[in-house]
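Every number here is computed from the coordinates shown, using simple stated rules; none is lab data. As the structure is a prediction and not an experimental result, all values here were calculated from the model. Ideal geometry is used to build each Cβ from the backbone, glycine not excepted, and the neighbour counts take in all protein chains shown.
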């Protein structure tokens, strides 16, 4: 019998259309890290893309954190419905 390793949480991707400066990127990163301090957050400012490897947070909570920081996000792959 083979044993499969435990899967971590799936990466979460957002397009933050009004994240246009280093200052706004820092604000988004700070909001996300406040939600999940152990998450890995990568930001590509040129593409306005945020990649999150979460430890405990869920996609909806990250989306809310971005919105509460004053920015508009659009969820990208994997979508909320990807595995239904």
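Between residue 38 and residue 10, the modelled labels are 2.2 nm apart [label points 7 Å from Cα along Cα→Cβ].
Over the C-alpha atoms of the range 12-75, the Rg to Rh ratio, Rh being the Kirkwood estimate, stands at 0.90.
Using Cα-Cα distances under 8 Å and only pairs 6 or more residues apart, what relative contact order does the range 12-75 have, in percent?
Working: 100 pairs, mean separation 29.6, N = 64.
The normalised contact order for the range 12-75 reaches 46 percent.
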